[in-house]
Every structure is written in structure tokens, then in C-alpha cells.
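Derivation of every value follows stated rules applied to the coordinates shown; laboratory data play no part. Everything numeric in this text was worked out from a predicted model, so none of it was measured. Heads up, the Cβs are rebuilt from the backbone with ideal geometry, glycines too, and the neighbour counts pull from every protein chain shown.
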Amino acid sequence: MINNKIGIISCSGEECLGGTISRLAVRKMMEELKPGMVSTLCLPLFIAGDGGEREFAEKYPTIAVDGCSKCCAKRAIEKYSNQVAGSVDVAEIIGEDKALEKPLSTRHLTDEHHEYVNKTAAITCQIFDDILAKQ
Amino acid sequence: MSKIKVIPCSGIGKVFGLLARESVLMVTEEKCPNDTETLCLAHVVTGDDEVVAKINGKSCITMDGCAKYCAKKSVEETGGVVVKSHKVPDFMKAHRGEEHGTGTALTQDGWNYAEELAEILAADVKEIKGGGDLL
């Protein structure tokens, strides 16, 4: 059930580190930075188009958080719903080479990875606050 | 001979998506690194040319987090041959009452369950290879 009025779609990519970071940054938004204020949408469900996700992103501002410069989440939102309200590319934050490193189990996260998560979440949070201020 | 593609859903809202992801990483990185690889579901659902070429007509195993079966459906729509399909809740019966964590982090019970799921996937890999059904 989607109750909040700002959505975030993380690519959560399984093939590279950037996807791991995008996923954890959005989880940080949900649990620590904006608890109860974030509606996360599942990218595969969004693209499948049968869960109400597309309708949500058509009506309400939605932020894409992508792990690499292919920007799957951003492209999907713009193809199926509307212009994104904001877009974060982890590769721009931590560097393309780093973003394309192997995906990581949460068991193997280091302080460096947590710092990437914090930076990505902070930028996403800033976009979130900017959207909120305009509402 | 190509590696078996083992693809989890990228669900972010609940622990099931993380269990799917971690169990697949255990297989592709630790248990069967020479026989398996994972692919990015975001790339699959957006029809990325490189990933479509890798998956089309090839043996795939999917691990979904919920009954929407996003990974299985998306892989099939992209031309992958889903030889084995599972969803995380299918094996919960023996784990009733346990707390497995959240979409961000697993508890020890969660890691134990992920390990069990990974063993199921590893057995699938062995069966596919042994049966001569590898595409």
C-alpha cells in the first residue's frame, strides 16, 4: 500500500557494487533519514506495470537512484510514467570504475562502502527535501 | 560452455528480497563461482542488449522474494530458459517464528536461512550440470 507522496526507485542492481550502494542508500532513507516518508517502488514490478507503481509515479514526484550510468531506474520512470523528480547516479558519486566493481554481500561491507552509502543517501535526501519544499 | 545464470529478484521493501540476493551471491561468489554468474535484473527488465544476448536461450535459475515472480517472468520474457524457479517463502515452513531481519540487514537466523537457500541453488546447479541439460 502506497501512502506517502514521494517515491524512490532504486535499481538495486545485482551485477555491480553501484547497485548494492543504491539499494542500501534507499534503505537508509527509509529507516534513518526519512522514516515513514518514503514510498519505495520495486523496479521490476514497476516495469511489469501491474502493481500500481506506474500510476504512483505518474501522479507523485519520484526519484531514481541508479547504480551505474545505464540509469535503468531513471529511464524506466521516464518511459512508463513521467519525468523523474530527481535522479542520483552512484557512479558519479563514487566513480565509474568503483561502481562497476563486483556486487557485494552485506556481510562484506567496509567503512569505505558505508561512506559511499552515506554520500549517496545524503544527496538523495537533499533532492527529497527540495521536492518537499516545493509542495 | 556458458555459465548458469542465477538471478534474484531485486525487491527492496522486505527481507525476502535481501534473502534472495544474499543466497544468490553465496552461490555465484562462493559455492559455484566457476559454473554460475548473476546478472542485473534491472538490465534484464530494461532489455539491455548485452544482457539479453547473454541470457537468450541459456539455462537460468531464479530466486524470487514474492509471488509476483518478477525475476522468473522477466528472465522468461527476455528469452532465458528458466530451468529452476524458487521463491524465498517456499522454504519458510521449517523457519516459522524466526526473525530474519529487514531489507537492509539479516539476523543470524536470516543468514542461516540464506545459507539454506544457497544450498538449494547449488544443488540445482549440480543437477543441471549432471543431467546434461545445460544450455
Next on the checklist: Projecting each Cα onto the charge dipole of chain A (Lys/Arg +1, Asp/Glu -1 at the beta carbon, about the Cα centre), which of A:Y116, A:S105, A:L41 comes out farthest on the positive side?
Outcome noted: A:L41
Item to check | Radius of gyration and Dmax over the Cα atoms of chain A, both given in Å | outcome: 13.8, 40
Next on the checklist: Please give the charge dipole size of the range B:4-130, origin at the Cα centre, charges +1 on K and R Cβ atoms and -1 on D and E Cβ atoms. Round to the nearest 20 debye.
Outcome noted: 360
Next on the checklist: Run the helix sum for the protein assembly as shown: -39,500 (n - 2.57) per DSSP H stretch of 4+ residues, divided by residue count, reported at 222 nm to the nearest 500 deg cm²/dmol.
Outcome noted: -13000 deg cm²/dmol
Checklist entry - Near the amide H of A:T40, under 5 Å away, which other amide H atoms are found, from residues 5 or more places off or on another chain, if H is placed in the peptide plane? => result A:I8
Checklist entry - Using a simple charge model, +1 on the beta-carbon of Lys and Arg, -1 on the beta-carbon of Asp and Glu, nothing else, what dipole does chain A show about its Cα centre, in debye to the nearest 20? => result 320
Item to check | Candidates A:L41, A:L109, A:L33, ranked by Gaussian network fluctuation over chain A, Cα under 10 Å, top entry | outcome: A:L109
Checklist entry - Under a 5 Å amide H to amide H cut-off, with H placed in plane at 1.01 Å, what residues pair with B:I7 once short-range neighbours are removed? => result B:I61, B:T62, B:M63
Checklist outcome for this item: Highest GNM mean-square fluctuation among B:G13, B:G57, B:G110, for chain B with Cα springs under 10 Å, belongs to B:G13
Checklist outcome for this item: To the nearest 0.05, the calculated FRET efficiency linking A:S69 and B:N56 through their beta-carbon distance, R0 being 22 Å, is 0.40
Next on the checklist: Which one, B:F16, B:G79, B:A42, is farthest towards the positive end of the dipole of the range B:1-91 when Lys and Arg carry +1 and Asp and Glu -1 on their Cβ?
Outcome noted: B:F16
Item to check | Virtual spin-label span in nm between B:M92 and A:L100, 7 Å along Cα→Cβ | outcome: 3.9
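Expressed as a rounded percentage, what relative contact order does the range B:4-130 have, with Cα pairs under 8 Å and six or more residues apart? Write down the numbers at each step before the final one.
Numbers: 224 pairs, mean separation 41.1, N = 127.
Computed value for the range B:4-130: 32 percent relative contact order.
Would you list B:C9, B:C70 from fewest to most Cβ contacts within 10 Å?
Working: B:C9 31, B:C70 28.
In order of increasing Cβ crowding within 10 Å: B:C70, B:C9.
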Checklist entry - What is the Cα centroid distance between the range A:66-127 and the range B:65-88, reported in whole angstrom? => result 25
Checklist entry - Could you name the aspartates and glutamates in cross-link range of A:K34, using Cα to Cα under 12 Å and dropping any fewer than eight places away on the same chain? => result A:D129
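How many partner chain Cβ atoms sit within 10 Å of a residue's Cβ in peptide A:66-75, on average, as a whole number?
Working: counts 1, 2, 3, 0, 7, 2, 9, 2, 0, 2.
For peptide A:66-75, the averaged partner shielding equals 3.
Summarise the long-distance tail of P(r) for the range B:4-130 by giving the % of C-alpha pairs beyond 18 Å.
It works out to 48 percent of all Cα pairs.
What is the packing order of peptides A:123-130, B:48-55, taking the mean over residues of other C-beta atoms within 10 Å and listing the highest first? Intermediate values should be presented prior to the final figure.
Details: A:123-130: 17.5, B:48-55: 15.9.
Result, highest mean first: A:123-130, B:48-55.
Only four residue types carry charge here, +1 at the Cβ of Lys and Arg and -1 at the Cβ of Asp and Glu. Report the dipole size of the protein assembly as shown about the Cα centre in Debye, rounded to the nearest 20.
On the way: 32 positive and 41 negative charges, 125 e Å.
Charge dipole of the protein assembly as shown: 600 debye, to the nearest 20.
Can you pull the mean other chain C-beta count within 10 Å for peptide A:98-108?
Values: counts 0, 0, 0, 0, 4, 7, 2, 10, 9, 7, 2.
Per residue, the number of nearby Cβ atoms from other chains is 4 on average.
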Item to check | Straight-distance crosslink candidates among aspartates and glutamates, where the alpha carbon sits under 14 Å from A:K79 and sequence neighbours closer than 8 are dropped | outcome: A:E53, A:E55, A:E58
Next on the checklist: Kirkwood hydrodynamic radius, the range B:40-90, all distinct C-alpha pairs: what's the number in Å?
Outcome noted: 10.8
Checklist outcome for this item: Once A:E55 and A:K5 are pulled to full extension, the length gained, defined as 0.36 nm per residue separation minus their Cα-Cα distance, is 16.8 nm
Checklist entry - Each residue of the range A:117-123 in order: what ³J(HN,Hα) in whole Hz does its phi give by Karplus 6.51 cos²θ - 1.76 cosθ + 1.60, θ = phi - 60°, with x for Gly and Pro? => result 4, 4, 5, 5, 5, 5, 5
Item to check | Violating pairs (Cα-Cα greater than 27 angstrom) within the set B:K54/B:K87; A:K28/B:K54; A:K59/B:K14; A:K28/B:K126; A:K5/B:K87; B:K14/B:K73 | outcome: A:K28/B:K54; A:K28/B:K126; A:K5/B:K87
